[in-house]
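Novice: Supplied in structure tokens, the structure appears directly below.
The values are calculated or read from the model by the stated rules, or taken from the named source; none is laboratory data. Since we're looking at a predicted model, the values are computed, not measured. Cβ: placed from backbone, ideal geometry, glycine included. Neighbour counts: every protein chain shown.
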Amino acid sequence: MKHPTVKLICLLALAVSSCAAPPPAPTETVTPSPTSLPPTHTPSPTESPKPTETAPPPTATATPTPAPQPLLLRRSCGRDYVVRAGEAIEIFYGGWGVRGLDLAEQWATALTVDLTIDELTVQGHQEPPAPDLPYNCPKDLEDSYWLYYRAIVPQLAPGTHHVTVTFNALRALPDGYGGTFGPGQIAQQTFQITAQ
């Protein structure tokens, strides 16, 4: 016969084995879902959409306007002139030379010069007194200062055009070279301009 202590140990071992927790139930395996994309943002009606960047449009290159043809009308430099038809002309006219700047400034307040082309008046404006004429005709007087006018003519039609330049003095003034001119008309010059 077994010892009572051994019997008790056997009973305890049996009780422990029969009271043990049941084996765990199989766990549910969760299949991972495929990776989803982040949700897209739909702007609300009050939200303004972000501007999209666009490349700036190519800049157009401007065609430069050709400079007007310069033309100095002076009898001592010629009477007949040739220009290109259909192009603007910058006409310098009324060159009146006097001796010294002081006298030239007096003349600037007294001299008026009228320009007509084919009997039509052309508006010009007086330039400040200058020691040299602006174009194609050298000065020919000692210590001279020149008074002259300038006008822009948009174009001349092909053909010969008759030009008149009339000088007027509002009062009598010396020129510094021994002459006194005015008042009234002091000179008139005629020219021909051929546009071709």
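Novice: Within the set of pairs 6 or more residues apart or between chains, which connect a residue that is without any contact (Cβ under 8 Å) to a residue 12 or more places away in the chain and surrounded by 12 or more Cβ atoms within 10 Å (Cβ to Cβ) inside segment 158-173 to a residue that is part of a loop (DSSP other than H, G, I, E, B) and of a type outside the set (A, V, I, L, M, F, W, C) with Cβ atoms less than 9 Å apart?
Specialist: Listed pairs, sorted by first residue: A172/G182; A172/P183.
Novice: So which of A130, A67, A151, A108 is within 21 Å of I186 (Cβ to Cβ) and at pLDDT below 95?
Specialist: A130
Novice: Of all strands (runs of 3 or more DSSP E) completely enclosed by segment 121-196, which ones contain at least 3 residues that are of a type in the set (S, T, N, Q)?
Specialist: Answer list for segment 121-196: 159-169, 184-195.
Novice: Output the residues belonging to segment 172-196 that are over 46 Å from the mean Cα position of the chain (by Cα) and hydrophobic (A, V, I, L, M, F, W, C).
Specialist: The answer is A172, F181.
Novice: Inspect segment 103-124 for any residue being farther than 23 Å from P66 by Cα, of a type in the set (G, A, S) and touching a Phe, Trp or Tyr at 6+ places or on another chain (Cβ under 8 Å) and give the result as yes or no.
Specialist: Yes, that holds for at least one residue.
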